[in-house]
Amino acid sequence: MTRVADTIAATLRAHGIRHAFGMPGGEVVTLIDGLEAAGIRFHLARHETAAAIMAAGASVTTATPGLLVATVGPGLANAVNGIADAAQEHVPLVIVSGIVDRPTRARYTHQVIDHAAMLRPLVKASFEVEPESAGPTVARALAIALAEPMGPVHLDLSPAVAAMADPAPRPVAPPAVLRPAVAPQDPAIAALADR
């Protein structure tokens, strides 16, 4: 069975992501399992702000979007400083945060924060992943993160949705060019040197 978490991980990997950074929590363990199974290495940080900065640094050094995994509520809130830095520096960063399952949100008050509202000033877009559209939602978020001006995007993922069988289990492939070349090509350098 291909879980929604597996489709998310496969889509992230298809877009060149090979590293994820964060701190595990019950709401994101299925996603972390899917990431590891897809060949995306999860790097454990000691604090969520550090994880966000590490993910942004990975983006800058690999020319692929960074990936931050944060657990519900305070876990994501702790990452805000690093997310703000990525926003200010126009770093394409994908933030996947765990959320409480829908049926229990109304009565479960421990650590429940409106993630989208909290991140609104810092991210280009925020989505809640639904089982029937996981791959396309992740691909859309990646496209938004990589569109100029680049910056962070946010995905909320509940543990129930992450563990569900994906009704359309295909990763969504990236466009032909993910990100423009950062360095000028040799002919451009030679032309400048001749001036």
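Through the Karplus equation 6.51 cos²θ - 1.76 cosθ + 1.60, θ set to phi - 60°, convert the phi angles of the range 32-44 into ³J(HN,Hα) values in whole Hz; use x for Gly and Pro.
So the Karplus estimates, Gly and Pro as x, are 4, 4, x, 4, 4, 5, 7, x, 9, 6, 8, 9, 6 Hz.
So how tilted is helix 80-89 from the main axis of the chain? Cα-based, degrees 0 to 90, rounded to 10.
Roughly 30 degrees, rounded to the nearest 10.
Starting from 0.36 nm per residue, how many nanometres of slack lie between ALA37 and ALA147 once their C-alpha separation is accounted for? If you can, show how the numbers build up before the last one.
Working: separation 110, 0.36 × 110 = 39.60 nm, distance 2.85 nm.
Stretched out fully, the ALA37 to ALA147 stretch lengthens by 36.8 nm.
I'd like the orientation of helix 134-146 relative to the chain: the angle between its Cα long axis and the longest Cα principal axis, in ° from 0 to 90, rounded to 10.
The answer is roughly 40 degrees.
With an 8 Å Cα cut-off and a minimum separation of 6 or more residues, compute the relative contact order for the range 1-136 in percent. List each step's numbers first, then the result.
Working: 218 pairs, mean separation 32.9, N = 136.
Relative contact order, the range 1-136: 24 percent.
Roughly what angle does helix 48-62 make with the longest principal axis of the chain, taking Cα atoms, 0 to 90 degrees, to the nearest 10?
Helix 48-62 sits at roughly 40 degrees to that axis.
For GLY66, list long-range residues whose amide hydrogen, built 1.01 Å from N in the peptide plane, is under 5 Å from its own amide hydrogen.
SER59, LEU93, VAL94
Is there a quick way to get the dipole size of the range 4-193? I mean about its Cα centre, with the Cβ of Lys and Arg at +1 and of Asp and Glu at -1; what is the value in debye to the nearest 20? Can you show the working numbers first?
Numbers: 12 positive and 16 negative charges, 15 e Å.
For this selection, approximately 80 debye.
Just to confirm my numbers, what's the Cα centroid distance between the range 25-61 and the range 103-138 in Å?
Cα centroid of the range 25-61 versus Cα centroid of the range 103-138: 18 Å apart.
Obtain the nm distance between the two label points defined at GLU128 and THR2 by a simple spin-label model: each point lies 7 Å from its Cα along the Cα-to-C-beta direction.
So the label points at GLU128 and THR2 sit 2.5 nm apart.
Calculate the spin-label point distance for ALA63 paired with ARG170, positioning each point 7 Å from the Cα along the beta-carbon direction, and give it in nanometres.
2.9 nm
Only Lys, Arg, Asp and Glu count, each charged at its Cβ (+1, +1, -1, -1), so figure out the dipole size of the range 1-78 about its Cα centre, rounded to 20 debye. Numbers along the way, then the final one.
On the way: 5 positive and 5 negative charges, 39 e Å.
Roughly 180 debye, rounded to the nearest 20.
Only counting other Cβ atoms within 10 Å, I'd like ASP156, ASP114 sorted with the fewest neighbours first. If you can, show how the numbers build up before the last one.
Details: ASP156 22, ASP114 11.
Ranking ASP156, ASP114 by Cβ neighbours within 10 Å, fewest first, gives ASP114, ASP156.
FRET efficiency for HIS47 and ARG102, Cβ-Cβ distance as r, R0 = 35 Å, nearest 0.05?
Details: r = 29 Å, r/R0 = 0.83.
Computed FRET efficiency for HIS47 and ARG102: 0.75.
Tell me which residues come under 5 Å, amide H to amide H, from SER126 once H is placed; ignore anything under 5 positions away on its chain.
Correct list: HIS154.
Fewest first, what order do THR2, THR61 take by the number of other Cβ atoms within 10 Å?
Values: THR2 15, THR61 10.
By the 10 Å Cβ count, ascending: THR61, THR2.
Provide the gained length on full extension for the span ARG120 to HIS90, in nm with one decimal, where the gain is 0.36 nm per separating residue minus the Cα-Cα distance.
9.3 nm
Tell me the label only: which of (i) 69, 35, 25; (ii) 43, 35, 33; (iii) 44, 40, 30 is Cα extents along the principal axes in Å as calculated from this structure?
(i)
Going by how many other Cβ atoms sit within 10 Å of their own, how do ARG107, ARG120 line up, fewest first?
ARG107, ARG120
Where a number appears in this text, it was derived from the coordinates with a stated rule and is not lab data. The shown structure was predicted, so the numbers you read here are calculated from the model rather than taken from an experiment. Virtual Cβ from ideal backbone geometry, glycine too; neighbours counted across all protein chains shown.
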